[in-house]
Amino acid sequence: MTAAGDSPATPVVELRSISKRFGDVLANEGVNLSLWGGEVHGVLGENGAGKTTLMRILYGLSIPDGGEIYVDGDLAHFASPKDAIGAGIGMVTQHFALVRPMTVTENIILGRTGGAILDLDRAKDLVEEAADRYGLHVEPDRRLSDLSVGEQQRVEILKALYRECRVLILDEPTAVLTPQEIRALFATLDRLRASGMAIVFISHKLPEVMELTDRVTVLRHGKVVHTVETDEVDAAGLASWMVGRPAAPPEPRTHSEPGATALEVSDLSAVGGLDLPALSDVNFEVAAGEILGVAGVSGNGQTELAEVLSGMRKPTAGSIIADGTQIAGKGPKQVIAAGVGRIPEDRHEALVGDMSVANNLILEHLDEAGKRLILDRDRIRANALDLIERFSIKAGPDDLVKTLSGGNIQKVLLARVLVREPRVIVVSQPTRGLDIGATAYVRNELLAMRRQGAAIVLMSEDLDELLELSDRLIVLYDGRIAGRVDAAEADRDQLGLLMAGHTEVA
Amino acid sequence: MIFLLDILTATLRNATPLVFGVVGETYTERAGILNLGIEGTMYAGAFFGFAATAVTGSLELGILAAIVVGVASGAVMGLFSVTLGTSQHVAGIGLTLGLIGISEFINRLYFGSSEGLRRIESYQLLEPFGPDNIFNQYALTYIAFLVVAPLGWWVLRSTSFGLGIRAVGENPEAADAAGLSVSLYRYAALMIGSALAAVGGAFITLATLGTFTLGIIAGRGWVVIALVIFGRWRIWRGVFGALVFAGVFSLQLRLRILPGWDAVPFELLLALPYLVVIAALAISGRNVEYPGAYLKPYRRD
Amino acid sequence: MVKWRRGATTAGLILLGTFVITAPFIMLAGANPFAAYGEFLVSPLTSRYSGLEVLVSSIPLILTGVSVALAFRAGYWNIGAEGQLLMGAVAGAGVGMLVSDQSRFLVLPIVILAGAAAGALWALVPALLRVKMGIDEVVTTLLLNPVALLIVTALLSGPWADPETGFPESERIAESAQFPILVPRSRLHLGFLVGLAIAGLVWFVLSRTVAGLQVRAVGSGPKAARFAGISVGRTLLTVALASGAIAGIAGASEVSGIQYRLTGGLSAGFGYTGIVVATLGALAMPTVVLAALLLADLNVGAGSAGRVLGVPSQLGDVIQATVLLVTVGVLAYRRYHHKVLKSEVEEAPGEGAVPEVEEVDTS
């Protein structure tokens, strides 16, 4: 096999007219993509544009309906990741494919142990050597569940390198990192590029694509819009290719005068999974008509904070006063009754996928679902038709929630919560996985609630979203508030340092 | 002294089928599958082991028959839980009902009840240190404790195969992305696990009883499932659990013949080991960490 | 129309699959598979007596099927209907031996309630362990089945042994505790109406009441149900007890309607067959009743096939297990190949997540 750098005449991998259909949806249609050794190739597109499907095909996780894959100019068939790995392709997926109870070494050698009996010491040496060469430092004996997200990503890259990959696919690798970690990742990728590797960088963040990539391919509705040298375009041009029209400027945020305190959290502590401390002495207040953003690298207590505020997790200490009612330690029922609207990070944990839209819309208020314990089916249906209209949900009342698109599922959840005009709203990752249209819809609804005087706590891993929507920000690190920032004066670098645990300089 | 020795000897013997089952089911569950077919697999192992020996006169062929039945039963469970992705509870119960039905059907057909119990020349006790000591055990007991359990532990911990089993049970997506065939590992775990369970069942007919009677397994398969959870999917903890169950079981057998104990119905003493296992689960089984992909079928798309 | 044709194809595939798998066993017994299936399925329906016998033997299957289906709908894997049934039988027999010639209208409700209470009690410990401590109910409900059988045997070999015959059977229960016969010259007893009434009641509660909506929500999405303020623990506990109670009534009904005494062989694995019935009936009460009737037909047929064709009646068990496996297999296969038509099964229960303790209990 020829090393990639030696034969610049053929691309390492070439995809020719790849097509893939899921039901009625064409996820990929006639996609051509060539990857050369020594380049970083950006693949850009909205959610649902077909980026991930294309990469799953390249990694053997999905079989295309049509088209060919060439490796070093020879036709190849990938029936499973095993074939792709054999052809020198490695992939770091968005949700890491790592086994949490196993050690770093075990994860890296999994599937390529090189013998029937595990030689963990030799494997450890190999891991350390690879780590030194590319500046990817992790301790080989630690369990995956003890690592930070950034470290886990390094393990994923090491895993690919250990398999001697020549093509490395990274699916939205920066979504979960601090700005500083992103810089370290880019440095590693530069080194890998210099060593002759072909790198596929999937993203929807334009500045990162502009900074890092050599060439970029833009996908829209499953088709390639353009493939160009990055130098020859600007961010605005890429954005318009991505959405098919000039990008609309974000709706200007109207100034609103915060009112009285509607949510008061004092000395709040809680434990997370395995009874480890997850929140320590958290204090904050949110005024009516104000959005408080909660920033932080995932795993620093945001999930637990959202759960405690939603009544899904008991705090070990502290008080939460929502609209005058003490809700610390209360269950979901009392929290709802206190006027708190809750939109959790995982929509599927709030809605029953196998139930109808109508039933899900009434689920938080079952006392209104019947007359004397018997279901009032007309009323449930009327309520559903009303909300479907008001929140322009594309579904019928009898459709099962699991058959809806992500955006419509989120609208069902918003409808259930917002129609009650809650005084306090706890919302996590409201736009995760949504396309641009649905994202704008959700953000505008939240801003509308703010105008109406709701106090909103917004947890998000998307710094841009936090900066766009919030009035004030708090940064969580290791379960504590590492800093408080006014959104208007926020500086991304300063936020990054706080997210990485550098405490506020007084 | 003799009483104690007696109980210890009986404990090792009564623990033997459970050790086979526990090691086997630990493999299956570490790969992410709850095999409720194990009760029927032990039953079929007991019957077909007995039947093969009764027909051929060879105990080794009896064991071989049990292994074949076990592998086949694991493959059927794999068809449902791995290939088709059905509910593991329902498939396992169905398998158990089917295997017990088939065993009793063939038993009725060929070893009909009219002529009374048919006996076989069963395994003899080994007496490496002369009579009347704790080492007077069947060869299969030695194999269970000195080969199956340690080898099972070592393979799971220190081999590529074991690593693969653990990976497909914790995170099949990760195992798939690393180039392992999730189905292959899960089928393998099921076949190995079921073969061991079947041999455990055959131990009862080919060694301790020398014959086959209806209802012979009497919930031992369910006990095995409980012991695996009690053992938190660690082989040695599971084996320890098997010894505890067998200890209580042997104790009640001996208590029955002691003066003063005959007032207690022996069936209630017989129920004691089951209750002990439930109590053990209640004490140690609180919020245990199940294998990450427990009960979850894996599909790529 | 498409849906109807798909249903017919599915049923055809299930029948064909079951026949192909079980035919070799029938041939092993020296019988013609077609003749045997005629005996199994058709001949019980050809005479008045055996037709009514099908209804008689459907009674415990309707009750255990409803018991299991209710539990499964809530995502509670009660595999202990067998033990709960036996305990219900013990309680029913106990009441029946205690009373003498009081009025039937007084005694029969007590018999039924005693069976229900005993079944619920037998279901209580696993339910509490699951709800309060997160211990998998599959294992604990299973383990209590052999224990219940041992209690029955202990009673029959000791305190309740029939003093006259010495057989492992209890004394005959009082006449006032015996279910009335519904149709003259048959064994069809009150239990049939009780079974239908309970199936109807469970259907109504599940599909038409607020509590039923809660149960379905807990079964299909326990996390989402808890998020919406439903107490998952309390729902599971209630369902588990109700499920146990219905299985217990099945036991009392066998004592008061068929045996008129407690016997060791009172249940032919009805509790386990209940799982087959519930699954074949797709956990919906009307179809569960139909599935119970089908299996009852098969049971009666297997009995007569044993006498007429010399095929051991254990083949009935083999066929039941085969129908169960072939059904779940065919459904899974067709689901996999028709993912687009997903919406056909409404509100399928979840795969039974790993048990979890509710951290915050709402009161």
Problem - Signed unit charges on C-beta, dipole axis of the protein assembly as shown, positive-most listed residue C:Met97, A:Met55, A:Asn383 - result: C:Met97
Handout entry: Cα-Cα P(r), the stretch C:157-302, percent of pairs per 10 Å interval
Key = 10, 31, 31, 19, 8, 2, 0
Completion exercise
Most fluctuating of C:Val68, C:Val42, C:Val300 in the GNM of chain C (C-alpha, under 10 Å) is C:Val42
Problem - Within the stretch A:125-155, backbone nitrogen closer than 13 Å to the virtual label 7 Å beyond the Cα of A:Ser298 toward Cβ - result: A:148-153
Problem - For chain A, alpha-carbon Rg relative to the globular expectation (2.2 N^0.38 Å, N residues) - result: 1.04
Problem - Label point distance in nm, A:Glu229-A:Ala116, each placed 7 Å from Cα along Cα→Cβ - result: 5.6 nm
Practice task
May I ask for the angle, rounded to the nearest 10°, between helix A:120-134 and the longest principal axis of chain A, with both axes built from Cα atoms and the value confined to 0 to 90°?
Solution key: 90 degrees
Problem - Approximate shape of the protein assembly as shown as ellipsoid semi-axes (Cα gyration tensor, √5λ), whole Å, largest first - result: 55, 37, 29
Exercise for the section: Treat each spin label as a single point 7 Å out from the Cα along the C-beta direction, and report the C:Lys132 to B:Ile283 distance in nm. Expected result: 1.7 nm
Practice task
Please average, across the residues of A:74-81, the number of beta carbons from any other chain that are within 10 Å of each residue's own beta carbon, and give a whole number.
Solution key: 2
Practice task
Tell me the Kirkwood hydrodynamic radius of the stretch A:4-243 in angstroms, computed as one over the mean inverse distance between distinct C-alpha pairs.
Solution key: 18.3 Å
Problem - Calculated log₁₀ intensity ratio I(q)/I(0) where the Debye formula runs over C-alpha points of the stretch A:166-222, q = 0.15, 0.19, 0.21 Å⁻¹ - result: -0.43, -0.69, -0.85
Exercise for the section: Write down the percent of antiparallel bridges among all DSSP beta bridges whose residues are both part of the stretch A:4-243, to the nearest 5. Expected result: 55 percent
Handout entry: Of the GluC sites (Glu not before Pro) in the stretch C:106-175, those whose Cβ has at most 11 other Cβ within 10 Å and which sit in DSSP loop
Key = C:Glu164
Exercise for the section: Filter the DSSP H helices in chain C by two things, a Kyte-Doolittle mean of at least -1.0 and an axial alpha-carbon span of 24 angstrom or more, and list the hits by number. Expected result: C:2-28, C:48-73, C:81-98, C:104-133, C:137-157, C:191-208, C:232-254, C:285-309, C:315-337
Fill in the blank from the handout: As a percent rounded to 5, the proportion of antiparallel DSSP bridges among beta bridges in the protein assembly as shown is 55 percent
Completion exercise
Cα pairs beyond 35 Å in chain B, in percent, come to 18 percent
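Test of understanding: given chain B, find the longest segment containing no trypsin sites (Lys or Arg not before Pro) that are in a DSSP loop and have at most 12 other Cβ atoms within 10 Å.
With a cap of 12 other Cβ atoms within 10 Å, the longest stretch comes to B:120-298.
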Exercise for the section: List every DSSP H helix in chain B whose Cα atoms extend 20 Å or more along the helix's own long axis and whose mean Kyte-Doolittle hydropathy is at least 0.5. Expected result: B:2-30, B:38-56, B:59-78, B:88-110, B:182-203, B:235-255, B:266-284
Problem - Net charge dipole size for the stretch C:2-344 [Lys, Arg +1 and Asp, Glu -1 on Cβ; Debye, nearest 20] - result: 1640 debye
Exercise for the section: Would you mind working out the magnitude of the charge dipole of the stretch A:4-243 relative to its Cα centre, with +1 at each Lys and Arg C-beta and -1 at each Asp and Glu C-beta, to the nearest 20 Debye? Expected result: 540 debye
Handout entry: Spacing of the two label points (7 Å from each Cα toward its C-beta) at A:Arg191 and C:Asn32, in nm
Key = 8.1 nm
Fill in the blank from the handout: Which of A:Lys82/B:Lys296; A:Lys205/C:Lys223; A:Lys330/C:Lys223; B:Lys296/C:Lys223 exceed 28 Å between C-alpha atoms? The answer is A:Lys205/C:Lys223
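Bear in mind that the values in this text are calculations on the coordinates, not laboratory data. All values reported here derive from a predicted model rather than from experimental measurement. As a convention, Cβ positions derive from the backbone with ideal geometry for all residues, glycine included, and neighbour counts pool all protein chains shown.
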